[in-house]
Amino acid sequence: MATIMPQGELARKAVAWISDQQQESERKLSFLIDDAAMRFNLGPKDVEFLIRFFEEQSKED
C-alpha cells in the first residue's frame, strides 16, 4: 500500500531528487522539473515553487 504524504513533503523530495540528478546527469533543469512533477505527482503550484527555487539557487552560485 502506498504511503500518503503531505504535498509539501513531496515537493521536498522533488527538490532532493532534482539536486541529485543535476549532479549525475547533463539534463536541462526544465526536463528534470517536468520529470519530478510526474514522478512525485506535483501540482502546478509545486512546479512553480520548484522553478523559483532553482532559479534562486542559480543566482546564488
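The values are calculated or read from the model by the stated rules, or taken from the named source; none is laboratory data. Keep in mind it's a predicted model, so treat the numbers as computed, not measured. Cβ placement follows ideal geometry from the backbone for every residue including glycine, while neighbour counts extend to all protein chains displayed.
Residue pairs whose Cβ atoms lie under 9 Å apart, separated by 6 or more positions or on different chains, with the first residue in the stretch 36-61 and under 14 Å from residue 12 (Cβ atoms) and the second aromatic (Phe, Trp, Tyr) and not in a helix (DSSP H, G or I), are 46/40. Reported count of residues in the stretch 5-27, each being without any contact (Cβ under 8 Å) to a residue 24 or more places away in the chain, closer than 17 Å to residue 49 by Cα and not aromatic (Phe, Trp, Tyr), is 6.
When the stretch 13-33 is filtered for residues that are surrounded by fewer than 14 Cβ atoms within 10 Å (Cβ to Cβ) and not polar (S, T, N, Q), the ones remaining, listed by number, are 16, 20, 24, 26, 27, 28, 31. Within the stretch 34-61, the set of residues being among the basic types (Lys, Arg) and surrounded by 11 or more Cβ atoms within 10 Å (Cβ to Cβ) comprises 39 only. Residue by residue through the stretch 10-61, note down the ones that are basic (Lys, Arg) and in a helix (DSSP H, G or I). Within the stretch 10-61, 12, 13, 39, 45, 52, 59 qualify.
Listed here are the residues, each with its yes/no results for (1) more than 9 Å from the chain's Cα centre (by Cα); (2) among the polar types (S, T, N, Q); (3) modelled with pLDDT under 95.
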residue: 26; (1), (2), (3): yes, no, yes
residue: 38; (1), (2), (3): yes, no, no
residue: 57; (1), (2), (3): yes, yes, yes
residue: 61; (1), (2), (3): yes, no, yes
